């Protein structure tokens, strides 16, 4: 174990079997190793000051529809077209949300939705063109890989062509939603109608080749094993080796309330342990984001000592996690306080981790 610890401390790559051993360390030791890897990952950033900088972004999570036909067992947000509270956003509603975001200093919208069976390709292109034409300064970080696989099947076009059309209409980057666990055995249990692992990674590969940055995510703490989590990390790392298009990794825990998936949930201890392992394993990812949205402000802050260098968004609006029974809110003042209380410099960023202040 001593030689393995020295290997991790020096910043060398580890494999799956070594990851299992590292995961079993006492939490404080694992956290110290992850913090060391954070320092190594950030050492060259921002003129040598990267170790002391923790970032956040001001954006809004806009769900353009809650109609979805994949019925994931872990989701409490989706509705069918016949439900009374089903909706599709109007352009007027979208404009109001973005105007409020810009007024708060926001630079981006994170736009995702359900797999609506009837919205046309032109509807999406018109929505993107409208937003970009009216708010050219706002980045559209939109549509998860699972949505693009849905578009492929509905529109009968290759994923790469759809992404290209979306980018020309105004799409700026792609979030990593729908990653869950990139192990098909797990995916078939929790979301059998959703994109499988190769499909999810194929969308990321196409986006990177077209010049769009993306994030990678993991939703854990349900029916998967530790080995499944490590396989997920391995597949993300291999894709990053290939294309280098991931800007950050974000992991969060399954939120069980109001969902159909019956699984024992995990708490802050396992969240911090898994995030720390992610930072160590993903040696080619420039950033790791804390998930205060699911863990709360205090654990979100502690996560900055377990490998994270970013607190994510202030979340002006959040609908999916809150529907599953977890609701936390935070403004810029809170965000900066959490960062600065640990002795770091707090900086607002854009989607590509350029500092804005």
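The values are calculated or read from the model by the stated rules, or taken from the named source; none is laboratory data. Just so you know, these numbers come straight off a predicted model, no measurement behind them. Counting neighbours? That spans all protein chains shown, and the Cβs are built from the backbone with ideal geometry, glycine included.
A few remarks follow.
- Residue among 164, 172 that alone is at pLDDT 95 or above, part of a strand (DSSP E or B) and within 19 Å of residue 209 (Cβ to Cβ): 172
Residues checked against (1) surrounded by 13 or more Cβ atoms within 10 Å (Cβ to Cβ); (2) farther than 22 Å from residue 285 by Cβ; (3) touching a strand residue (DSSP E or B) at 6+ places or on another chain (Cβ under 8 Å); (4) modelled with pLDDT under 90:
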residue	(1), (2), (3), (4)
10	no, no, no, no
40	yes, no, no, no
51	yes, no, no, yes
73	yes, yes, no, yes
87	yes, yes, yes, yes
110	yes, no, yes, no
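- Residue pairs meeting the criteria (Cβ under 9 Å; at least 6 apart or on separate chains; first touching a residue at least 24 places away in the same chain (Cβ under 8 Å) and on the phi > 0 side of the Ramachandran plot, in the range 95-123; second surrounded by 12 or more Cβ atoms within 10 Å (Cβ to Cβ) and part of a helix (DSSP H, G or I)): 105/332
- Residue check for residue 199: over 28 Å from residue 289 (Cα atoms) and without any contact (Cβ under 8 Å) to a residue 60 or more places away in the chain: no
- Checking each residue in the range 333-353 for being without any contact (Cβ under 8 Å) to a residue 60 or more places away in the chain, touching a helix residue (DSSP H, G or I) at 6+ places or on another chain (Cβ under 7 Å) and surrounded by fewer than 19 Cβ atoms within 10 Å (Cβ to Cβ) picks out only 334.
- Residue 153 vs. criteria over 25 Å from residue 108 (Cβ atoms), in a helix (DSSP H, G or I) and without any contact (Cβ under 8 Å) to a residue 24 or more places away in the chain: yes
- The residues of the range 16-57 that are over 21 Å from residue 277 (Cβ atoms), touching a residue at least 40 places away in the same chain (Cβ under 8 Å) and not in a helix (DSSP H, G or I), listed by number, are 49, 53, 55, 56, 57.
- Residues in the range 119-154 that are farther than 19 Å from residue 91 by Cβ and out of contact with any strand residue (DSSP E or B) (no Cβ under 6 Å at 6 or more places or on another chain): 145, 146, 147, 148, 149, 150, 151, 152, 153, 154.
- Test: residue in the range 112-122 that is surrounded by 13 or more Cβ atoms within 10 Å (Cβ to Cβ) and at pLDDT 90 or above: yes
- In the range 131-150, the residues that are in a helix (DSSP H, G or I) and farther than 26 Å from residue 192 by Cβ: 131, 132, 133, 134
- Restricting attention to the range 244-266 and to residues that are more than 15 Å from residue 177 (Cα to Cα) and modelled with pLDDT of 95 or more, the residue that is farthest from the chain's Cα centre (by Cα) turns out to be 244.
- Highlighted here are the helices (runs of 4 or more DSSP H) found entirely within the range 176-243 that include at least 2 residues which are modelled with pLDDT under 95 and surrounded by fewer than 19 Cβ atoms within 10 Å (Cβ to Cβ): 184-190.
- Test: residue in the range 270-289 that is at pLDDT below 90 and either in a loop (DSSP other than H, G, I, E, B) or surrounded by fewer than 19 Cβ atoms within 10 Å (Cβ to Cβ) (or both): no
- Qualifying position, being at pLDDT 95 or above, over 18 Å from the mean Cα position of the chain (by Cα) and on the phi > 0 side of the Ramachandran plot, among 343, 325, 307: 343
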